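Contents: one structure, followed by commentary.
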């Protein structure tokens, strides 16, 4: 199969698995809100962020180095496995030591109770990390997508079952352990252990290669992680665990298009960009950004448009404060996927220092804007989050234009057309909301469903009219992928007969 065909098929599998599993995970999270109060959820959230912080601080992006290489090296894979796991053990130990001081700082004693289970989760995640990266390197995206999907379903089932049994916040801990266990077992089983677990003499050359590539990317990833999760800790410090739980739910909902589509596509694009020649990478960056915008922009804008009835339909009265925050934070899903495609491009170019500078700048701006605007209230703190991510996207575009001469005009044209195509959708959804209120109809579920259907019917023709070239390119790629897959299966079927 051609590189383009592998990339498109990889995106299809990754997106299908990611979106499908995310829907299940969201359903499970929403069900959990009927068993767990915002205050309890906020305390669990603090423990989760603490675990994720230690995990990120001990992750030197060895897997990214394996992805960026065209060939596979067993000795290098073993070095990455060993260093990554040992660093994970150290992180788990630090997590246990910090649990009580953090609990006292937030005046939330139950945080310390949840930490041991999350320490186990951290270790389990380390076991399956390198095998998963090797599968992505080999472009075996179906195996990765299916495993991720099954593990997310397992999390939801386990967490909801435990919550229904009265376990409270411990149900979320149990779900995380169950999910990580499944991932570790499957990835270890389906990847040849000789490729990553064959012992060898430790090499200074391999260690230097891993850390010289990973250190700048480590700082970039830490600051990127900080911009995605430490805002929860800052929000909790500013407004308390209860409001921080509302913020976290709004952020997670708003983040679905960006994370489940943009981030997943980024995983696929790194090995694809690596296999392209230098001149083709810039054109590929613009093309994939436009295609990604065609998918993500209507999801993000539409999510913000239907936020009020959506929150009424999904949450009970304790969680209705999510709606105004979700409307503001949906802007994240408009701008963040662009930074993901640029990040994949820069990784393929080996320019991890540029990624580092962009991420550090974004994190500083994020926290500063949250603190400054947060003085005006919780809603304004969310405005600060949106402004910081928008500024980061502008910085990403400037970086590739300044360093590689990628046309800023072509980039902006690739983005604004799918975005403008969302305007008719917003008008239709707003008109529907006004009509429901004028008629006194209080059925939130009906309003959401009708809004989604009418919004989609408004967006599709608008996309073909305004973003014509990108829409046609998307259809053409889909047809080519189906045709190529059918041609590859045809001779196999004939031979089997």
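Coordinate-derived values only; no laboratory data. On a predicted model such as this, the values are computed, not experimentally measured, just so you know. When we count neighbours, we look across all protein chains shown, and the Cβ atoms used for this are built from the backbone with ideal geometry, even at glycine.
By its C-alpha gyration tensor, with a ≥ b ≥ c as the square roots of the eigenvalues, how is region 163-257 shaped: rounded for a/c under 1.5, else prolate for a/b larger than b/c, else oblate? Could the numbers behind the result be given before it?
On the way: a/c = 3.13, a/b = 1.50, b/c = 2.09.
Oblate is the answer for region 163-257, as a/c is 1.5 or above yet b/c matches or exceeds a/b.
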Of 190-198, 434-442, ordering from highest average Cβ density within 10 Å down gives 190-198, 434-442
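What number, in nm² with one decimal, is the all-direction average of the projected area of the convex hull of the alpha-carbon atoms of region 42-144? Write down the numbers at each step before the final one.
Working: hull surface 27.9 nm².
Projected area, direction-averaged: 7.0 nm².
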Kirkwood-Stokes translational diffusion coefficient of region 1-202, alpha-carbon pairs, 10 °C, 1.306 mPa s, µm²/s | 88
Counting other C-beta atoms within 10 Å, which of 132, 205 has the fewest, and how do the rest follow?
-> 205, 132
Relative contact order, percent, the chain [alpha-carbon distance under 8 Å, six or more residues apart] = 19
